[in-house]
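Engineer: A single structure is presented below for examination.
The values are calculated or read from the model by the stated rules, or taken from the named source; none is laboratory data. Keep in mind that what you see is a predicted model, and the values were worked out from it rather than measured. Cβ atoms come from the backbone with ideal geometry, glycine included; neighbour counts cover every protein chain shown.
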Amino acid sequence: MRGKPAPKRNILPDPKYRNTMVAKFINYIMREGKKATAQAILYSAFDRVKERINIDPLDVFDTAIKNIAPLVEVRGRRVGGANYQIPFPVRGERKYALAFRWILAAARNKKRKSMAEKLADEFVAAFNKEGDAMKKRNDVHKMAESNRAFAHFARFSKRKK
């Protein structure tokens, strides 16, 4: 590895809910530096969640993210000329990064609605342990489970942490 790792930046909480997770999610939604637009989309989605299931949207958001965050994932590793998919536990920040990415991908793949509506749908579905993002998490877990036989290769990983 060349140089030193990039320093961890602290993210300021979002202005409305004073929550750093919400601020991080806004940053994931944001495109081309348009943070105000991303905030408007997320806050509108939270309002729709509140209308739809009458539960605090922050609680729905937190539960949805926790439901979608994966526990294990597979990584490719070359051993003796063959590539193996080796299951690894997912570490702290990466769990949330994957959950954010999967929710946004699921929402963006839907058609004929505003982004706020699609996000609200996905939050409610994830809150109820349903939806495309939950399906993605289950697929990743199934893949890790089916490749559990190769877990012993993880011990010989070149990377040391």
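Engineer: So which residues in segment 1-45 are touching a residue at least 40 places away in the same chain (Cβ under 8 Å) and of a type in the set (F, W, Y)?
Structural biologist: Correct list: Y17, F25, Y28.
The rows are residues; the columns are (1) surrounded by 12 or more Cβ atoms within 10 Å (Cβ to Cβ); (2) on the phi > 0 side of the Ramachandran plot; (3) assigned to a strand (DSSP E or B); (4) touching a helix residue (DSSP H, G or I) at 6+ places or on another chain (Cβ under 6 Å).
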residue	(1), (2), (3), (4)
R2	no, no, no, no
K24	yes, no, no, no
A36	no, no, no, no
R48	yes, no, no, yes
V60	yes, no, no, yes
K66	yes, no, no, no
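Engineer: To continue, here is another question. What number of residues in segment 109-121 are closer than 15 Å to A64 by Cβ and not in a helix (DSSP H, G or I)?
Structural biologist: The total comes to 0.
Engineer: Here is a follow-up. Of a type in the set (S, T, N, Q) and within 14 Å of the chain's Cα centre (by Cα), is that true of N138?
Structural biologist: When the stated conditions are applied, N138 passes them.
Engineer: Separate question: Can you tell me how many residues within segment 68-84 are over 17 Å from K142 (Cα atoms) and assigned to a helix (DSSP H, G or I)?
Structural biologist: Final tally of qualifying residues: 0.
Engineer: Would you tally the residues in segment 117-139 being buried (at least 19 other Cβ atoms within 10 Å of the Cβ) and either among the small types (G, A, S) or under 22 Å from P87 (Cβ atoms) (or both)?
Structural biologist: Qualifying residue count for the region: 8.
Engineer: A further question on this structure: Mind counting the residues in segment 85-108 that are surrounded by 18 or more Cβ atoms within 10 Å (Cβ to Cβ) and part of a strand (DSSP E or B)?
Structural biologist: 2
Engineer: Based on what the data block shows, is R94 modelled with pLDDT of 95 or more, within 19 Å of I26 (Cα to Cα) and basic (K, R)?
Structural biologist: The answer is no for R94.
Engineer: While we're on this one: Got at least one residue in segment 49-64 being within 30 Å of A151 (Cβ to Cβ) and in contact with a strand residue (DSSP E or B) (Cβ under 8 Å, 6 or more places away or on another chain)?
Structural biologist: No; the residues of segment 49-64 include none that is within 30 Å of A151 (Cβ to Cβ) and in contact with a strand residue (DSSP E or B) (Cβ under 8 Å, 6 or more places away or on another chain).
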